[in-house]
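Chemist: Here it is, the structure in full.
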Amino acid sequence: KYYCFVTCGVSINYSRSRMTQTPKQNFEEEEKRDRVENMKGLTTPLQSKYWHPTAQNNLKNTESFNLYSHPVQFNGKNNNPKSRKVKPISCFASENTNQPILKESKPPLVVVGSANADIYVEIDRLPKEGETISAKTGQTLPGGKGANQAVCGGKLDYPTFFVGQVGEDAHGKLITEALESGGVCVDHLTTVSNAPTGNAVVMLQSDGENSIIIVGGANMSCWPEELSYEDLEIVRSAGIVLLQREIPDFVNIQVAKAARNAGVPVILDAGGADSPIPLELLRCVDIFSPNETELARITKMPTGNFEQISNAVEQCYDLGVNQVLVKLGANGSALFAKGEEPLRQPIIKAAKVIDTTGAGDTFTAAFAVALVEGKSKEECLRFAAAAASLCVQAKGAIPSMPEKRAVFNLLQSA
């Protein structure tokens, strides 16, 4: 019988007799040479272990996480070599000082979701049916709910990974650069050749309110039927996972199930598709996070006041969700947990509201960062409120994401 060993792309056949005659140390020396060869160019040594939460890490029962290290294999393996641009070590040894360096003490925030090129037009008011109006200015900025949340995590100085898709176009490059400069690891960002990068037309009014039209592009097409081992393994290694509804439901379901089976908490942002949310997905979610409009649409119940919102949340419990984080715009936010009194958080008033685009994504991501860092739910709500307050004071979604120091400064002065 013959055995085949593949090393660095070269196949070498050994007979059983030769294998038995080769000393153990020879194999060890060969493996050592292989590791040295594969690590050429590294300026930072690879960590031997990666983050992984305990199986008991469940938001329904605890506010903080008890973590232990768990080995995770990252080998840059590519299931779709024609479309994926693999950067197997960019998170571990990068010239970009904003890139996260893995630390065993911090399980990462993993965001699986959309990335868009936001086409901004500034207008005094929305056009009426059949009417044409002129915009004051227009520009293209990086955005998309998934990318927004990922950059928010990166700018809050927390190790963050993004799993998503862009097209082979200028918009895809724009988003990739924005993610990298925001401190996000993009090893799991796929470039697809047969779909354009997603787009969003953002109609920004003078009072800072906006209306948005989304074109899915690569966000909604070209996903593999089964996500790669590498993508699912980074999900299993997370401290917390963020999902939204600007990618297909079957992708979110795979991610949520992988996270749940590994004991990793999942937050699902309701923003995106207005289709019914699969129960299979909701039952794998630890915190469901709609705004009051989305909550009304999902439950088909009024949400005009807090009592109505509370009644609508009760219906979410019936769907299998035990915690609901509701974003209430100018009225702040509220965290509902089944069997407990809701926690309310007013807004931290902004000096001037310029653009509300991305404020909800900032709130959700900042809440997740505070939660995975072990803060109480009250502290998480306040931290998220401060981050959202800073976000609305700048134009654009990703460009407006706040730095962690700015959030702390606002909390101290508020």
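Chemist: Over the stretch 306-370, give the accessible area per residue in Å² for a 1.4 Å probe, as an integer.
Modeler: 42
Chemist: Over the stretch 123-260, average the accessible area per residue using a 1.4 Å probe and give it in Å², no decimals. Working shown, then result.
Modeler: Numbers: 5170 Å² over 138 residues.
On a per-residue basis, 37 Å².
Chemist: Hey, another quick one. What is the gain in length, in nm to one decimal, between T132 and S211 on full extension, counting 0.36 nm per residue of separation less the C-alpha to C-alpha distance?
Modeler: Details: separation 79, 0.36 × 79 = 28.44 nm, distance 1.60 nm.
Extending this stretch completely gives an extra 26.8 nm.
Chemist: Going down the table (K106/K352; K145/K338; K173/K377), which pairs top 29 Å between alpha carbons? Walk me through the intermediate numbers first.
Modeler: On the way: K106/K352 35 Å; K145/K338 27 Å; K173/K377 37 Å.
K106/K352; K173/K377, as the Cα separations exceed 29 Å there.
Chemist: Work from the charge dipole of the stretch 132-277 (Cβ charges, +1 for Lys and Arg, -1 for Asp and Glu, about the Cα centre) and give the residue of P142, I267, G164 farthest towards its positive end.
Modeler: Farthest towards the positive pole: I267.
Chemist: For the stretch 200-252, which whole percent of the accessible surface, found with a 1.4 angstrom probe, sits on carbon and sulfur atoms? Don't skip to the end; give the middle numbers.
Modeler: Working: 1080 of 1940 Å².
On the stretch 200-252, the fraction of accessible area on carbon and sulfur atoms equals 56 percent.
Chemist: About the Cα centre of the stretch 106-152, how large is the charge dipole given +1 on each Lys and Arg Cβ and -1 on each Asp and Glu Cβ? Please answer in debye to the nearest 20.
Modeler: Details: 5 positive and 5 negative charges, 55 e Å.
The calculation lands at about 260 debye.
The values are calculated or read from the model by the stated rules, or taken from the named source; none is laboratory data. Quantities reported herein were computed from a predicted structural model and do not represent experimental measurements. Quick reminder, even Gly has a Cβ in these numbers, built from the backbone with ideal geometry, and neighbours come from all protein chains shown. Heavy atoms of the whole protein, side chains included, go into the accessibility calculation; ligands, DNA and RNA do not. Shrake-Rupley method; radii C 1.70, N 1.55, O 1.52, S 1.80 Å.
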